[in-house]
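Just below is one structure, and these are the notes that go with it.
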Amino acid sequence: MAGQFLKALKLDGPGVTLRANEQEPLVAPIGPVAMKGTTDASTELISSPQRLAVDVRNVSLTFETADGKVDALSNVSLQIGDGEFVSFIGPSGCGKTTMLRVIADLQQPTSGTLLVNGMSAEQARLERRYGYVFQAPALFPWRTIEKNIKLPLEIMGFSDSEQRQRAARYLALVNLTGFERKFPWQLSGGMQQRVSIARALSFDPELLLMDEPFGALDEIVRDHLNEQLLQLWDKTGKTVLFVTHSIPEAVFLSTKIVVMSPRPGRIIDIIDCNFPRTRTLEIRETPEFLKIAQRVRVGLRAGHSYDE
């Protein structure tokens, strides 16, 4: 997983260097969606003057394998407004992570067009316009917490003083001030993921891609991190794309929820969540929350009807 982290940066930009013992992966994520929810949401785009963070049109992706072709995505279209928090939900293997990787230019679509902040996905990657948080923290065990956060900054050529300032700033943002000299193995799983988020934000990307970052954590820790992530999103104003298998998590965090079908991944529904930016876990007991959660369930069941 640490190797995937460095691969996410695709170290082919100018002035990139690594120390001999650090030829491994780094991080680089992405941004959110904004569309009307319909049963044919994959073909209906929003018309809005809002600046688009991500604009996906008719994207399909087919993998060539030893056993033949695998259709991962099929004719996906969506628009993600600047500053939104958009969750992708669907069954395992439906293309949620693949969609993030296409936006991050870690995989290329077979057909269709994709713009990230008005530029190609490749250009956005080369200009480090996104940060990536993986399912596992992907921290280097031999580096302190501070040095893990500094890693992308070292690669990008920031000065030592700027690295220290940014590491301190983002550790404070994820409530980990005082843990600078600790090593990853000395932190809990939830704390490690907060370090991963701080590292992804350290170079101030416009988009944050999060691939089921809390999936392996227990419910109590997950709830706490959900609240902290909302506070972080509100403070930074970043565009966030978030993959999850949890319906309550998707409804609690999001401004929009993108419901996907089993492979090949299609968009079944796009659902607005018009909750206040500042919200608490108690909102999960409200009729509005339960109504949206039920609509997500209906969409997931509709998606499985493709297999019938």
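Of the numbered conditions (1) in contact (Cβ under 8 Å) with a residue 12 or more places away in the chain; (2) closer than 30 Å to residue 72 by Cα; (3) in contact with a strand residue (DSSP E or B) (Cβ under 9 Å, 6 or more places away or on another chain), residue 139 satisfies every one except a single condition; which is it?
Going through (1) in contact (Cβ under 8 Å) with a residue 12 or more places away in the chain; (2) closer than 30 Å to residue 72 by Cα; (3) in contact with a strand residue (DSSP E or B) (Cβ under 9 Å, 6 or more places away or on another chain) one by one, residue 139 breaks only (3).
Just for the range 161-193: of the residues that are in contact (Cβ under 8 Å) with a residue 40 or more places away in the chain, more than 22 Å from the chain's Cα centre (by Cα) and surrounded by 15 or more Cβ atoms within 10 Å (Cβ to Cβ), which one is farthest from residue 225 (Cα to Cα)?
By that ranking, first place goes to 183.
Of all residues in the range 268-303, which are touching a Gly at 6+ places or on another chain (Cβ under 9 Å) and of a type in the set (A, V, I, L, M, F, W, C)?
268, 270, 271, 300, listed by residue number.
Criterion first (farther than 24 Å from residue 231 by Cα, assigned to a loop (DSSP other than H, G, I, E, B), in contact (Cβ under 8 Å) with a residue 60 or more places away in the chain and of a type outside the set (A, V, I, L, M)) does residue 158 satisfy it? Walk me through it before giving the result.
Numbers: farther than 24 Å from residue 231 by Cα: yes; assigned to a loop (DSSP other than H, G, I, E, B): yes; in contact (Cβ under 8 Å) with a residue 60 or more places away in the chain: no; of a type outside the set (A, V, I, L, M): yes.
So residue 158 does not fit the description; no.
From (1) over 21 Å from residue 128 (Cβ atoms); (2) of a type in the set (Phe, Trp, Tyr); (3) not in a helix (DSSP H, G or I), pick out the condition that doesn't hold for residue 185.
Failing condition for residue 185: (3).
Quick check on residue 193: is it in contact with a Leu (Cβ under 9 Å, 6 or more places away or on another chain), part of a helix (DSSP H, G or I), at pLDDT below 95 and not charged (D, E, K, R)?
yes
Of the residues that make up the range 104-113, is at least one more than 26 Å from residue 275 (Cβ to Cβ), at pLDDT below 95, out of contact with any strand residue (DSSP E or B) (no Cβ under 6 Å at 6 or more places or on another chain) and not in a loop (DSSP other than H, G, I, E, B)?
Checking the range 104-113: not a single residue is more than 26 Å from residue 275 (Cβ to Cβ), at pLDDT below 95, out of contact with any strand residue (DSSP E or B) (no Cβ under 6 Å at 6 or more places or on another chain) and not in a loop (DSSP other than H, G, I, E, B).
Given the criteria under 22 Å from residue 53 (Cβ atoms), touching a residue at least 40 places away in the same chain (Cβ under 8 Å) and of a type in the set (Ser, Thr, Tyr), does residue 261 qualify?
Judged against the criteria, residue 261 is not a match.
For the range 143-155, which positions are closer than 22 Å to residue 130 by Cβ and either polar (S, T, N, Q) or not in a helix (DSSP H, G or I) (or both)?
148
Among the residues of the range 254-276, is any at pLDDT 95 or above, out of contact with any helix residue (DSSP H, G or I) (no Cβ under 6 Å at 6 or more places or on another chain) and either within 25 Å of residue 191 (Cβ to Cβ) or basic (Lys, Arg) (or both)?
Looking for residues that are at pLDDT 95 or above, out of contact with any helix residue (DSSP H, G or I) (no Cβ under 6 Å at 6 or more places or on another chain) and either within 25 Å of residue 191 (Cβ to Cβ) or basic (Lys, Arg) (or both), one finds at least one in the range 254-276, hence yes.
Taking the conditions exactly as written (in contact with a Pro (Cβ under 7 Å, 6 or more places away or on another chain) and either modelled with pLDDT under 50 or aromatic (Phe, Trp, Tyr) (or both)), does residue 27 satisfy them or not?
yes
Restricting attention to strands (runs of 3 or more DSSP E) lying wholly within the range 205-308, give those where 2 or more residues are within 14 Å of the chain's Cα centre (by Cα) and under 30 Å from residue 125 (Cα atoms).
207-211, 239-244, 256-260
The values are calculated or read from the model by the stated rules, or taken from the named source; none is laboratory data. From a predicted model like this one, the values you see are computed outputs, not experimental measurements. As a convention, Cβ positions derive from the backbone with ideal geometry for all residues, glycine included, and neighbour counts pool all protein chains shown.
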